[in-house]
Amino acid sequence: MTVPARPMETERPQLYGANHSVYVRIARLALQEKGVAYDLVPVDIFAEDGVPAAHRQRHPFGKIPAFEHGDFRLYETGAITRYVDEAFDGPALQPVEAKTRARMNQIISIADGYVYPQMVWGLYVECIEKSKREEAPDEARVENARGVARITLDVLAGMLSEQRWMCGDTLTLADLYLAPMIDYALEVPELRQMLVEHRKLGDWWQRVTALESFRETQSSS
Ligand SMILES: N[C@@H](CCC(=O)N[C@@H](CS)C(=O)NCC(=O)O)C(=O)O
């Protein structure tokens, strides 16, 4: 009988992207929490000549991250992080129980659908990045994002409740998805204030910022 080998465990994964990217950081957090050694290969998707041709081969939509493990190529952070969790040893980053796993997937969708577009782009980029470039924020966009941010933090605080991590006693991909997004969002003073008003979320944030993986993937480090 042939025992199926765990996929190409000896190959060192390659992660293509830039360390300032939210989604690249999510993938890095997953790799580091699993204890997987990997290479971060820099790609500048905003280069003057556009997305490098070699990167388009890896990611037809021209985004980051892209991932390779031996001859297995993958893009989309949700697929990458789930693959990393399932293909490597190390602590499980996805709950087994159906309802808890569904909650994790719901939080990941909230992160993709509301936190990233509204709290990172609608608030952080509009209020912080644009002001660094001496550009005026789009007030209508900021106002809309502010409303979504309030709902989002209320929802997340409710889901967290008395738990240590978003899905219970163990760190999961839900925490790893939110962490880099909230990190950018908290540069905006009014969002910092909103977080303070949700004490349990503030406590969760302290736990997130204490993670070695979080500290090691800060874009300044
Ligand atoms: N759905 C993609 C989103 C990745 C994404 O939006 N990455 C950003 C960097 S954080 C990017 O490549 N932005 C460049 C662009 O949108 O042109 C995923 O889950 O990997």
For the chain, with a Gaussian network of springs between Cα atoms less than 10 Å apart, report the residue from Ala140, Ala30, Ala174 with the top mean-square fluctuation.
Ala140
Using alpha-carbon pairs under 8 Å, 6+ residues apart, how would you state the relative contact order of the chain in percent?
21 percent
Taking only Cα atoms and a 10 Å spring cutoff, compute GNM fluctuations for the chain and point out the largest among Ala179, Ala210, Ala27.
Ala210
Of all beta bridges DSSP finds with both residues in the stretch 14-87, what is the antiparallel percent, to the nearest 5?
65 percent
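What number, rounded to the nearest 500 deg cm²/dmol, is the helix-based mean residue ellipticity at 222 nm of the chain, given -39500 (n - 2.57) per DSSP H run of at least four residues and division by all its residues? Intermediate results must be reported in sequence, preceding the final value.
Numbers: 9 runs with 104 residues, N = 221.
-14500 deg cm²/dmol, from helical runs alone.
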Reduced to Cα centres, the span from the stretch 192-206 to the stretch 69-83 in Å works out to 32 Å
Would you mind telling me the antiparallel percentage of the DSSP bridges in the chain, rounded to 5?
65 percent
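From the Cα gyration tensor of the stretch 128-197, with a ≥ b ≥ c the square roots of its eigenvalues, which class applies: rounded if a/c is under 1.5, or else prolate if a/b is larger than b/c, or else oblate? Present the calculation step by step, with values, prior to reporting the outcome.
Numbers: a/c = 2.82, a/b = 2.01, b/c = 1.40.
Because a/c hits 1.5 or more and a/b exceeds b/c, the stretch 128-197 counts as prolate.
No lab work stands behind these numbers, since they all come straight from the coordinates. None of the values given here were measured: they were computed from a predicted structure.
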